[in-house]
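Participant: Input: one structure, supplied below.
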Amino acid sequence: MREETKYRFQRILYYVVLVSFLVPIVYLIVLIAIYDPETATRPRSDYSLMLVQCVLGVLVIHIPALFIHRWQIDIPVVLHIMYIVFLYCAIFLGEIASFYYYVPHWDDILHAMSSVMTGFFAYMLIAILNHGVKIRMALSPFFVALFAFCFSVTIGAVWEIYEFVADYALGLNMQKFITSSGEVLIGQAALADTMKDLIVDSVGALAASLIGLFSLHRKGWVHAYLRKDVRTVKQRNGAIAELSENL
């Protein structure tokens, strides 16, 4: 697929997902304002969570663009598209369309997807650090893979902390300790979702680190990315910015 075609598809996907976050915000604000517990089919915390997630989605969808245009960080188009699709699946399908409740293992699929993405991003981070120093670091493939695994698992753990704080402070249900019928789980049942997420994050991080390690030994795409010249990155991002202005 040509670079222009991939970028056009990426832009179309970006606008579609962005609209899917913006449209529900007004509806959710009205729904929360007129909430009646006697007629509502879901807890009020679920609607509050949807609103928070949509607002966050509008903000975080722009993070890759910030990296590309402000700091000249090269993000592979496939990884960028994967990120946008992940946000759509997590926020619109997961929260708004209630896939978390109605689709078996939907949360597990998203955690696996996110841990793989952050694992690959860790390899990018190594390249970014190498481009930012005068003397490049000579890191062994095993150390790079270990860093990718630890980085991805850490992001997953930080996310679980964020969910706990948000649930405690805002009365949300991000850790799914309240079922769709309003039952409040207790004991080990309340911990099951968090521990399952951490386990899935670890498995996804391991998969990403092993794929990257194999690519480094075989001199595949990860190896090529880590050795990419920063000037080539700036030229590519400049071309993308010019293309964006012409769309």
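Participant: With the requirement that a residue be surrounded by 13 or more Cβ atoms within 10 Å (Cβ to Cβ) and modelled with pLDDT under 90, what does the range 180-206 give you?
Facilitator: 180, 182, 185, 190, 191, 192, 193, 194
Participant: Considering only the range 80-100, state which residues are within 19 Å of residue 7 (Cβ to Cβ) and either loosely packed, with under 15 Cβ neighbours inside 10 Å or of a type in the set (S, T, N, Q) (or both).
Facilitator: Residue satisfying the conditions is 85 alone.
Participant: Check whether at least one residue in the range 67-81 is part of a helix (DSSP H, G or I), among the acidic types (Asp, Glu) and either modelled with pLDDT under 80 or in contact with a Ser or Thr (Cβ under 8 Å, 6 or more places away or on another chain) (or both), and report yes or no.
Facilitator: No, there is no match, as no residue in the range 67-81 is part of a helix (DSSP H, G or I), among the acidic types (Asp, Glu) and either modelled with pLDDT under 80 or in contact with a Ser or Thr (Cβ under 8 Å, 6 or more places away or on another chain) (or both).
Participant: For the range 35-56, does any single residue satisfy the condition of being surrounded by fewer than 16 Cβ atoms within 10 Å (Cβ to Cβ), over 30 Å from residue 124 (Cα atoms) and aliphatic (A, V, I, L, M)?
Facilitator: Looking through the range 35-56, at least one residue is surrounded by fewer than 16 Cβ atoms within 10 Å (Cβ to Cβ), over 30 Å from residue 124 (Cα atoms) and aliphatic (A, V, I, L, M).
Participant: Could you list all residues from the range 19-53 that are touching a residue at least 24 places away in the same chain (Cβ under 8 Å) and of a type in the set (A, V, I, L, M)?
Facilitator: Matches in the range 19-53: 22, 25, 28, 49, 50, 51, 52.
Participant: With the checklist (1) farther than 21 Å from residue 117 by Cβ; (2) among the polar types (S, T, N, Q); (3) touching a residue at least 12 places away in the same chain (Cβ under 8 Å) in hand, flag the one item residue 194 doesn't pass.
Facilitator: That leaves (1) as the condition not met.
The values are calculated or read from the model by the stated rules, or taken from the named source; none is laboratory data. These numbers come from a predicted model, not from an experiment. Virtual Cβ from ideal backbone geometry, glycine too; neighbours counted across all protein chains shown.
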